[in-house]
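Down below is the structure, laid out as structure tokens.
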Amino acid sequence: MTRIEEIDAALQAIRPGWPFLLAELQARVADDTERLITQNNEETRGRIKALRDLMDLPEALEAERAGILAAELPDEGSAL
């Protein structure tokens, strides 16, 4: 399976439940942010970063996919 196929499969699997998962991730970030304000804990800061990375996963996969596809396109100027 190529990386493009893996990304397509991942995005297809994520899409149906994404609104619900995103809402849960956002709630956890909000809770951890409140905790961070009162405790200034590096572990909590790391957990927030990890949750935000997960929240950005669909966009990151789309960007990776676009980059792979752009790299695979032949350079139109080289045909001259």
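The values are calculated or read from the model by the stated rules, or taken from the named source; none is laboratory data. Model, not experiment: these values are computed from the prediction. Quick reminder, even Gly has a Cβ in these numbers, built from the backbone with ideal geometry, and neighbours come from all protein chains shown. Remember, those area values only see protein heavy atoms, side chains included, never the ligands or the DNA or RNA. Shrake-Rupley method; radii C 1.70, N 1.55, O 1.52, S 1.80 Å.
General remarks:
- Counting charges near T2 (Lys, Arg +1; Asp, Glu -1) among other residues having Cβ under 13 Å from its Cβ returns a value of -3.
- From helices alone, the chain scores -26500 deg cm²/dmol at 222 nm; the rule is -39500 (n - 2.57) for each run of n ≥ 4 DSSP H residues, then divide by the residue total.
- Taking 4 °C and 1.567 mPa s as conditions, region 19-60 diffuses translationally at an estimated 124 µm²/s according to Stokes-Einstein applied to its Kirkwood radius (Cα pairs).
- Radius, Kirkwood style, for the chain when every pair of distinct Cα atoms is counted (Å): 15.1 Å
- Heavy-atom surface analysis with a 1.4 Å probe gives the chain a carbon and sulfur content of 57 percent of its accessible area.
- Surface accessible to a 1.4 Å probe, per residue, for the residues of the chain, Å²: 76 Å²
- For L11, neighbours were defined as the other residues whose beta-carbon sits under 12 Å from its Cβ, and their charges (Lys and Arg +1, Asp and Glu -1) total -4.
- Stretched out straight at 0.36 nm per residue, the stretch from T33 to A50 would grow longer than its current Cα-Cα span by 4.9 nm.
- Ranked by how many other beta carbons lie within 10 Å on average, peptides 17-29, 45-57 from highest: 45-57, 17-29
- For the chain, the longest principal axis of the C-alpha atoms and the axis of helix 18-39 are separated by about 50°.
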